[in-house]
Number of protein chains: 6
Amino acid sequence: MRILVANVNTTASMTANIVKSAQVLAATGTQIIGITPRIGTESVEGNFESYLAAIAVMDAVTRYDGPFDAVIQAGYGEHGREGLQELLDVPVVDITEAAASMAMFLGRCYSVVTTLDRTVPLIEDRLLLAGLRSRCASIRASGVAVLELESQPERAIQAIVAQAEQAVTLDHAEVIVLGCGGMADLEGRVRARTGVPVVDGVAAAVAIAESLVRLGLTTSKIRTFAPPRPKRVTGWPLPG
Amino acid sequence: MRILVANVNTTASMTANIVKSAQVLAATGTQIIGITPRIGTESVEGNFESYLAAIAVMDAVTRYDGPFDAVIQAGYGEHGREGLQELLDVPVVDITEAAASMAMFLGRCYSVVTTLDRTVPLIEDRLLLAGLRSRCASIRASGVAVLELESQPERAIQAIVAQAEQAVTLDHAEVIVLGCGGMADLEGRVRARTGVPVVDGVAAAVAIAESLVRLGLTTSKIRTFAPPRPKRVTGWPLPG
Amino acid sequence: MRILVANVNTTASMTANIVKSAQVLAATGTQIIGITPRIGTESVEGNFESYLAAIAVMDAVTRYDGPFDAVIQAGYGEHGREGLQELLDVPVVDITEAAASMAMFLGRCYSVVTTLDRTVPLIEDRLLLAGLRSRCASIRASGVAVLELESQPERAIQAIVAQAEQAVTLDHAEVIVLGCGGMADLEGRVRARTGVPVVDGVAAAVAIAESLVRLGLTTSKIRTFAPPRPKRVTGWPLPG
Amino acid sequence: MRILVANVNTTASMTANIVKSAQVLAATGTQIIGITPRIGTESVEGNFESYLAAIAVMDAVTRYDGPFDAVIQAGYGEHGREGLQELLDVPVVDITEAAASMAMFLGRCYSVVTTLDRTVPLIEDRLLLAGLRSRCASIRASGVAVLELESQPERAIQAIVAQAEQAVTLDHAEVIVLGCGGMADLEGRVRARTGVPVVDGVAAAVAIAESLVRLGLTTSKIRTFAPPRPKRVTGWPLPG
Amino acid sequence: MRILVANVNTTASMTANIVKSAQVLAATGTQIIGITPRIGTESVEGNFESYLAAIAVMDAVTRYDGPFDAVIQAGYGEHGREGLQELLDVPVVDITEAAASMAMFLGRCYSVVTTLDRTVPLIEDRLLLAGLRSRCASIRASGVAVLELESQPERAIQAIVAQAEQAVTLDHAEVIVLGCGGMADLEGRVRARTGVPVVDGVAAAVAIAESLVRLGLTTSKIRTFAPPRPKRVTGWPLPG
Amino acid sequence: MRILVANVNTTASMTANIVKSAQVLAATGTQIIGITPRIGTESVEGNFESYLAAIAVMDAVTRYDGPFDAVIQAGYGEHGREGLQELLDVPVVDITEAAASMAMFLGRCYSVVTTLDRTVPLIEDRLLLAGLRSRCASIRASGVAVLELESQPERAIQAIVAQAEQAVTLDHAEVIVLGCGGMADLEGRVRARTGVPVVDGVAAAVAIAESLVRLGLTTSKIRTFAPPRPKRVTGWPLPG
């Protein structure tokens, strides 16, 4: 089974990290293939960047010319999943939704710990649209920018763990979801400090994607995610 | 006052019609300026096309080099408004939201009559995120494609009026919202047949935009719609 | 265009202030006409007083014998708007709803800062019924009574600004709504201190009313707001 | 124990009927005292009439000079209960809320069968504000005006029973609530035809009021229903 | 009238206390009969224990061989009420629901003060399913275990009063509900300290049960609570 | 990996069928172990039976003396999952929740097609508590009793397919969930007739359970699902 994991930003080292941690957790026989968008921003932290990422991921996935069985969009709270579902016949899994969905099997409610405060509304919106918000105890920002996860790992960990602890203590979260594609490495430390299960979105998405493929399930094409109707298109596929 | 009205599709004749009907309804002294995206699809009827339109509108608006006081995104149920709000200092008004907001002053609940069934979920999502859904009695598809509004006007009118009548009779709608940027001309006929107020999104959006400008109100920049952070961007502005 | 602005309390100086600030913001050609109820309380701060005001406003508006194009009910969180809609053919705009509706175009969520704690439930109810509550971050009471806005302006301003700051900091409000008909003067100071847009209900309502009139839109008469059925009435119109 | 039952309309024969059926169901030792408003309309079927009734009931109750232990507002979906709660120290029970509350002990969900279609929104609002709407399967109008319950009883019964049957069959109601103060006599016939429990609002309200009094419980005065603050009032108490 | 009050735990002294306080509040002519389950745990504080209690109560009630007119399940937030409703023809009242329902007639919103933190989710679930949660301001745990209510009464009272005060001050509760079958004695002290009405679940349930019986109302048998279908059953009735 | 699949009824042939179909879909290396409760009813179709099944499954699982890595409760809409989560350290997956969760990755909304009408409320409740109801388009009963799935397979299929078709056509379902543990065989036929993805709960639950085990995730023990406190228990473990 081949699963395409699409990073939402243009930072190739982050794609590599995501792939590395995803491959470790994948089932035997699953091959994780990372793709990095050709256009967009080095990190995605807001609406403009997220809309650009949506198109960039669709561009990257539709240009990929090897075979694949499922696609994971590895951005937390980002736009675009519905577009990919129209363009593809294989299952598409968003890590925001996969993480929430998995967390709900582990405790009464979960909290998301994410990067900057400005990304919180995007995550809220995605969970609301996905129908996965009612058991979300809180979405907490650590104040750590996406790229600081790599450049200042120790400070990032401290800030994230601090928010996770507050989510458990103040918000009654029973599970912590790591709300960024680049946080996979933190799982163990957050769990050690909070004593609750910690869900990484990429890991959850890989498991969901593998499950869907193995069960022979793919996106319903009957209405919302039917292929685009044939019509005159300008500027797409993106040049280059 | 100069208001930029951004069509979401690439059909210039539709932009012209939107501008024409908007100008009629605008206040004295308001100048309506239409812009048509350089990229995208000739009509927008689904998620992929809507995400592409989101970027196309941001491209078109940020390339426009004249002065303007407000922007209207003239697509019903489309993505992108939040991105424009980050990129601009002037108010941004989405016609889906403007129409719903205005309709709520006129009756207990409203129904939207739109084009194809596949656009209904997009409209539902936008109203849900905007917090304007609880008084929406229904969103009904007429089965008329966007371009058929121009090419087959009489059939389109019949189908739209039929759905409007059902919305009033079966769904208890007290106001009808025309759910497409290109439906402004139908207002009188739908009102005549249903006996209820009919709100056109572009007209509503122009009025809201004029009001915001005159009251000196613009987008809050404190959190969700703060300008994008400075960072490395690839492929944006779009080439060409 | 002539817009009737009905104060909900019997304090004529407050009516005068409301009219004065409304006239400044109105479009050229709009005439603002204030009316003060003959009966009721000098300020409205609770359910009994609000129900009395509802009748008092209907009395005052139906007794007014000049022409008018729209009516604004200038009480924050008060009862009665639905009754006026039944009695009149012109649009009726409640300032609670107008302010919330306008605020939602400016930021992700808004907070209302009002007078006494006991008025908070009335505002909550009105926003809930109007379908405008989901994006309300909080309703905060300043502890300032309505009449103290005039008698102790400096203390009032301090208390209101303090609550507005907390709404932004603690409740994540991105827009502040001034929750009382007599607060229009505070707009500038609250904006200066919080850095977010500030919406005054009367100003918002004037803009909405002007828009509705210019677009030729008025209350749907098909069901909820149909005129009262002919029947035996006792004690109405109120004597005197 | 003395319970004041306030009719919301000015039709004394309807008050008498309400009292008669309430007295039959009351506990031994409970005395039911009916009061008919001095002002208002002969039936209440809409917002204007309901707001007028709110004041009329407050007028009638506060003018009543005998002792009483609780008050029932016997109008279905009417305004005003919150005002009475501020003015009185004894419990106040609205029949809309009492009926819904009682019905929820009898089945998973209930439907209300009421008079005219235009009263449905008022009932919806009251149930929503009371937090009793989530288990309401539907509110169905019989098309029978309030006064026709007395003048055309047989036609009324047929229409009401027909709606009750549809509520059970189509809406999955397991309990029927009779949505008008003047419907008490129909209880047996609706039950016989539908096979489900039928709740009359006045009967439910008497039982709730008796319970509250016997348990020594009365309205909380700490915030929402605190007595009105002392202030200058004009035109109240109503003259005459 | 004979009302069966089923304790959910196996502690007979608690049953006796519940009966004693219920009898005091019951109407003249009402006989309260306590039953203690044969199986289960000495206190119920969690899901496993609550599910066991559900079966234990059904066992105890169906084994009881005297006549009775209604059943009260005297556990706060426990499972099982729906099962009893299927098995019996007389009304079944859960104290969680009765207390909430009664409290809503007394103030805008209520808070529940209960025993251990781990019981809070069970209470939340029960209120949610009952459709009685929207006016619940908070559910607060005192940290007192059920059996400590008897063994350490003074400490229990202090802890419970402290939470009740915080519910009023911080959560805007206007009514306090005592969230445990064994808290009836505390009513007076909590009321004295908070100044708001205090509702004990058993008292509320007795009043509701008496009301239903007197009004001739019982569980709807049309769908959800129809008797179990005849089928092969193993191990039930429970042996012994 | 060893996964215990607990049937909720006492019909061993149904357990065998569930195991057989689950084993086919399980990953290489996963061993499915079926357990049939010692007590309970031959099929579970209502609240009493479901509560009895809850205890019966806890009894069966805690008596099972081999090692296992996860437990699946294979009853659709049944009680008890939360109790198992307290008693066990391994993940517990309910098929109602697993199916809904998986379905949400495949389409905008899903419908459940189940057996008898009386089981619909139980499924609604479970989805509501699980926070998975907002994307449920409908829950439709086929009128087929659980045991008829085996005894009258052809009639059952016709009835189920008919409801699935209506769910797609009338309720806008884009995915069908088979709402009974014994429906796994129908998947292909329902898919063929409706053209939409069909999710079987047991298959979904196996995939989720495998995923949780492989990711090293298990139930949070911090609050809701902490082990029962040590206390005096009577009649448990169940005798025999």
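The values are calculated or read from the model by the stated rules, or taken from the named source; none is laboratory data. Keep in mind it's a predicted model, so treat the numbers as computed, not measured. Cβ: placed from backbone, ideal geometry, glycine included. Neighbour counts: every protein chain shown. All accessible areas refer to the heavy atoms of the entire protein, side chains included, with ligands and DNA or RNA removed. Shrake-Rupley method; radii C 1.70, N 1.55, O 1.52, S 1.80 Å.
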Residues located in the range B:166-190, provided they are closer than 16 Å to C:GLY216 by Cβ and in contact (Cβ under 8 Å) with a residue 12 or more places away in the chain: B:VAL175, B:ILE176, B:VAL177, B:LEU178, B:ALA184, B:ASP185, B:LEU186, B:GLU187, B:ARG189, B:VAL190
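Yes/no matrix, rows are residues, columns are (1) among the hydroxyl-bearing types (Ser, Thr, Tyr); (2) farther than 30 Å from C:PRO67 by Cβ; (3) open to solvent by less than 20 Å² (accessible area, probe 1.4 Å):
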site	(1), (2), (3)
C:GLY107	no, yes, yes
C:ALA145	no, yes, yes
C:PRO153	no, yes, no
C:VAL161	no, yes, yes
C:THR169	yes, yes, no
C:HIS172	no, yes, no
Within the range D:45-76, can you find the residues that are within 17 Å of the chain's Cα centre (by Cα), among the polar types (S, T, N, Q) and in a helix (DSSP H, G or I)? D:ASN47, D:SER50
Among the residues of the range F:193-208, what is the count of those that are assigned to a helix (DSSP H, G or I) and within 7 Å of chain A (Cβ to nearest Cβ)? 3
Going through (1) over 17 Å from D:ASN9 (Cβ atoms); (2) crowded, with 24+ Cβ neighbours inside 10 Å; (3) more than 11 Å from chain E (Cβ to nearest Cβ) one by one, D:THR62 fails only at (2)
What is the one condition in (1) at the interface with another protein chain (Cβ under 10 Å from one of its Cβ atoms); (2) of a type in the set (Asp, Glu); (3) crowded, with 24+ Cβ neighbours inside 10 Å; (4) within 30 Å of F:ALA100 (Cβ to Cβ) that A:GLU86 does not satisfy? (3)
Over the range D:212-232, the set of residues in contact with a Leu (Cβ under 8 Å, 6 or more places away or on another chain) and either on the phi > 0 side of the Ramachandran plot or not in a loop (DSSP other than H, G, I, E, B) (or both) is D:LEU212, D:ARG214
Under the condition of being assigned to a loop (DSSP other than H, G, I, E, B) and among the β-branched types (Val, Ile, Thr), which residue from the range D:143-165 is nearest to the chain's Cα centre (by Cα)? D:VAL146
Got a sec? Which of A:VAL190, A:VAL177, A:VAL168 is in contact with a Phe, Trp or Tyr (Cβ under 6 Å, 6 or more places away or on another chain) and either within 12 Å of chain F (Cβ to nearest Cβ) or in a helix (DSSP H, G or I) (or both)? A:VAL177
When the residues of the range B:106-126 are filtered to those that are touching a helix residue (DSSP H, G or I) at 6+ places or on another chain (Cβ under 6 Å) and free of Cβ contacts under 8 Å to residues at least 60 places away in the same chain, which remaining residue is farthest from A:ARG223 (Cα to Cα)? B:ARG126
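Of F:ASP117, F:ASP69, which residue is within 30 Å of F:GLY235 (Cα to Cα) and either open to solvent by less than 10 Å² (accessible area, probe 1.4 Å) or among the acidic types (Asp, Glu) (or both)?
F:ASP69
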Failed criterion for F:ASP185 (all others in (1) open to solvent by 30 Å² or more (accessible area, probe 1.4 Å); (2) closer than 25 Å to A:GLN85 by Cβ; (3) touching a helix residue (DSSP H, G or I) at 6+ places or on another chain (Cβ under 8 Å) hold): (2)
Failed criterion for B:ALA74 (all others in (1) under 27 Å from B:PRO197 (Cα atoms); (2) within 14 Å of chain C (Cβ to nearest Cβ) hold): (2)
Does the range E:91-98 contain at least one residue that is within 13 Å of chain F (Cβ to nearest Cβ), surrounded by fewer than 22 Cβ atoms within 10 Å (Cβ to Cβ) and either modelled with pLDDT of 95 or more or touching a Cys at 6+ places or on another chain (Cβ under 6 Å) (or both)? no
Filter the range B:24-35 down to the residues that are β-branched (Val, Ile, Thr) and either outside any loop (DSSP other than H, G, I, E, B) or crowded, with 22+ Cβ neighbours inside 10 Å (or both) and list them by number. B:VAL24, B:ILE32, B:ILE33, B:ILE35
Any chance B:SER220 is over 15 Å from the mean Cα position of the chain (by Cα) and either under 30 Å from A:ASN9 (Cβ atoms) or within 12 Å of chain A (Cβ to nearest Cβ) (or both): yes
Given the conditions (1) within 14 Å of chain D (Cβ to nearest Cβ); (2) at negative phi, which single one is not true for E:ALA159? (1)
With criteria (1) open to solvent by 10 Å² or more (accessible area, probe 1.4 Å); (2) within 14 Å of chain E (Cβ to nearest Cβ); (3) of a type in the set (Gly, Ala, Ser); (4) within 23 Å of F:VAL161 (Cα to Cα), F:SER21 comes up short on (2)
Yes or no: D:SER211 without any contact (Cβ under 8 Å) to a residue 40 or more places away in the chain, away from chain C (no Cβ under 14 Å) and more than 14 Å from D:VAL177 (Cα to Cα)? yes
When restricted to C:ARG140, C:ARG126, the only residue farther than 21 Å from C:VAL161 by Cβ and open to solvent by 10 Å² or more (accessible area, probe 1.4 Å) is C:ARG126
Only one residue in F:ARG118, F:ARG108, F:ARG133 is part of a helix (DSSP H, G or I), among the basic types (Lys, Arg) and either within 14 Å of chain A (Cβ to nearest Cβ) or touching a Ser or Thr at 6+ places or on another chain (Cβ under 8 Å) (or both). Which one? F:ARG118
